[in-house]
Structures are given as C-alpha cells and as structure tokens.
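Written out below as structure tokens is the structure these notes cover.
The values are calculated or read from the model by the stated rules, or taken from the named source; none is laboratory data. Everything quoted here is computed from the prediction, not taken from an experiment. Here the Cβ is made from the backbone with ideal geometry for all residues, glycine too, and neighbour counts use every protein chain on show.
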Amino acid sequence: MRRKGRKIIYKTAEEIELIRASCMLVCKTLAYVGSLLRPGMTGEEIDTKAEAFIRDNGALPGFKGLYGCPSTLLVSRNEAVVHGLPSKEQVFADGDILSIDCGVLMNDFYGDAAYTFCVGDVDEATLQLCLVTNESLYLGIEQAVVGNRVGDISYAIQHFTEKVHGYSVVRELVGHGLGRSMHEAPDVPNYGRRGQGPVLSEGMVIAIEPMINLGRKEVRTLRDDWTIVTKDKKPSAHYEHTIAVTQNGPDILSNHEIIVEAIEQNPNIRAIVRETTA
Ligand code: MG
Ligand code: MG
C-alpha cells in the first residue's frame, strides 16, 4: 500500500492506549492460534477459531472485508511471504513455517501484529531465517526514537538481514502507520538509507514488519490475487509489532511474549528463542 501525500496522524496518549488494547487482543488471538496449531490442521479451521475468539472479545476482525479480504487471518506458508488466504486445502505439515498476520478493530482503533510459527521439525536454515528476521524487528524498533527518521528503522533491518546474514528484504511490501485506519502514513520500508524519510516524532504509531527471504528478493502474486510468494520458492519469514514513538523511546503496543508462552506449551510448535534482549 503506497499512497503518496498522505498526512501522518499523530495520536494522543489516550488514543495510544486504545491501540494498545486492540494490539493486545491481536496478540491474544495469535497466542490462542499458537496453542492450537498442529500438523494436519487447516488454514480454514484456524481462521474460523480466530474469528470467533475476536468476536467473543467484543471486537471485529480487522482484515475481513478490508480491500475485499475474505478472512480474519492471513496465513502464509513457507515460500508465501504475506497475504496467504487460509483455506480447507491449506493443510499444515511438519516442517512448515507459517506467518500468521492478524488485525482487529475495537473502540474505533485497529491493532496489527504478525508472528511466524515453526511447525514440528523445521530445517536449520529456515529456523535461522526466522530467528534473524525476528531479531531484525527489534533492531528496527530500537531506531524508533524521537528525532530519528523512518530510514533509520529501514536501514537497521536491511543491514542486519542482507549485509550481516545474506538474506533478502522484500521491496514491494512495507510497514505502515496505523490508527483509525489499518494503513496510514508513513510507509515503513524494511530497506533504505539512514537519515532519510519522515522524521519520527511523539505520537506516531507505526507497524514495523520485516518480510525477509532466505533466497532472492523477488516476489510474485498467485492467481488468487492475494498470496505473495517468493519467485525462487525459498522460504520467507515475517514478524510484526505495532509501536508508538514516545519521549521515553519506542513503546511496543503489541506483545509477542504471550505468543511465545503459548508456543512453549504446544509440543507441535518450535519456539524461536531470541539470543539477545531488546
Ligand atoms: Mg499485520
Ligand atoms: Mg501491518
């Protein structure tokens, strides 16, 4: 989603708390998903359960109906980068990685987060891709301080994933501002130059979401008009947090810890353990 000339909408402290509540529900939904996932389960099954969970918590699925999206979750398996549509035919298997992206709308504000789940015995190279992609998210977040620019976030993610680890950053899809709309200004690319782009200031709320390919950066869209896959069919990983820029530094409004706790209780899913903390 790239629309030039949109204005950044700055949020009050009260609005940031409403977005935090929406992001928390997203992460509770992803934790619930993480507690249920197992080989043999289908995308349709997990999507139905996630939708019921969100509605039971007094919110609406944030993606369903948005740009014609038919589902609550976007479930992108292995070579799928993002925007995978959950279906009956999508049967999860041992060794799969599943990027599951979720949004909700509650009290007029959206929440957005994503996590890549490793089902059973995922090969070492793919596990490492997940670990590095997840780490790059936190390196990006570290740069989200007042006075920095969006390009500082972009550069941190690109440098770590491409230069240090030899992976590729997807160019066609980017992070975004978020609030009363799911996608607001500014775009937050996962590639770019330090000191470039919009200045980060207090009250900005942005979703940072590295989408990193094990092989080459090129992607294409499947005939369903939604699923984005890598051209070389190698796996891609995706982790997303929504954060607020504050005078006290980045405030992470979403919560991956509850997702990790759920995974640790589920023997079918392998936890990605971060080596450092941020
Ligand atoms: Mg998302
Ligand atoms: Mg997003």
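Working only within region 219-241, note down all residues that are touching a strand residue (DSSP E or B) at 6+ places or on another chain (Cβ under 7 Å), among the charged types (D, E, K, R) and either more than 16 Å from ligand 1 (Cβ to nearest atom) or more than 13 Å from Asp101 (Cβ to Cβ) (or both).
Arg220, Lys231, Lys234
Mind counting the residues in region 43-86 that are small (Gly, Ala, Ser), surrounded by fewer than 16 Cβ atoms within 10 Å (Cβ to Cβ) and either free of Cβ contacts under 8 Å to residues at least 40 places away in the same chain or at negative phi (or both)?
Step one: of region 43-86, the residues small (Gly, Ala, Ser) are 43, 50, 52, 58-59, 62, 65, 68, 71, 76, 80, 84.
If we keep only those that are surrounded by fewer than 16 Cβ atoms within 10 Å (Cβ to Cβ) as well, we get 52, 58, 65, 68.
Checking the rest, the ones that are also either free of Cβ contacts under 8 Å to residues at least 40 places away in the same chain or at negative phi (or both) come to 52, 65, 68.
Residues flagged as small (Gly, Ala, Ser), surrounded by fewer than 16 Cβ atoms within 10 Å (Cβ to Cβ) and either free of Cβ contacts under 8 Å to residues at least 40 places away in the same chain or at negative phi (or both) within region 43-86 amount to 3.
So if I check each of Asp121, Asp94, Asp108, which one is in contact with a strand residue (DSSP E or B) (Cβ under 7 Å, 6 or more places away or on another chain) and of a type in the set (D, E, K, R)?
Asp94
Restricting attention to region 91-128, and to residues there that are of a type in the set (D, E, K, R) and either without any contact (Cβ under 8 Å) to a residue 24 or more places away in the chain or within 16 Å of ligand 2 (Cβ to nearest atom) (or both), which single residue is surrounded by the most Cβ atoms within 10 Å (Cβ to Cβ)?
Applying the filter and picking the extreme gives Asp112.
Check whether at least one residue in region 39-51 is farther than 18 Å from Ile100 by Cβ and modelled with pLDDT of 95 or more, and report yes or no.
no
Give the residues of region 202-226 that are in a loop (DSSP other than H, G, I, E, B), over 15 Å from Ile252 (Cα atoms) and away from ligand 2 (no atom under 16 Å from the Cβ), sorted by residue number.
If the condition is that a residue be in a loop (DSSP other than H, G, I, E, B), over 15 Å from Ile252 (Cα atoms) and away from ligand 2 (no atom under 16 Å from the Cβ), then Leu214, Gly215, Arg216, Lys217, Glu218, Leu222, Arg223, Asp224, Asp225 are the ones that fit.
Exactly one of (1) buried (at least 22 other Cβ atoms within 10 Å of the Cβ); (2) more than 20 Å from Val81 (Cα to Cα); (3) away from ligand 1 (no atom under 16 Å from the Cβ); (4) not charged (D, E, K, R) is unmet by Ser201. Its number?
So the condition that Ser201 fails would be (1).
Considering only residues that are surrounded by 13 or more Cβ atoms within 10 Å (Cβ to Cβ) and charged (D, E, K, R), which ones fall in region 204-236?
Within region 204-236, Glu209, Lys217, Glu218, Lys231, Asp232, Lys234 qualify.
Looking at (1) part of a helix (DSSP H, G or I); (2) under 26 Å from Gln143 (Cβ atoms), find the lone condition where Ser254 falls short.
With (1) part of a helix (DSSP H, G or I); (2) under 26 Å from Gln143 (Cβ atoms) applied to Ser254, the lone miss is (1).
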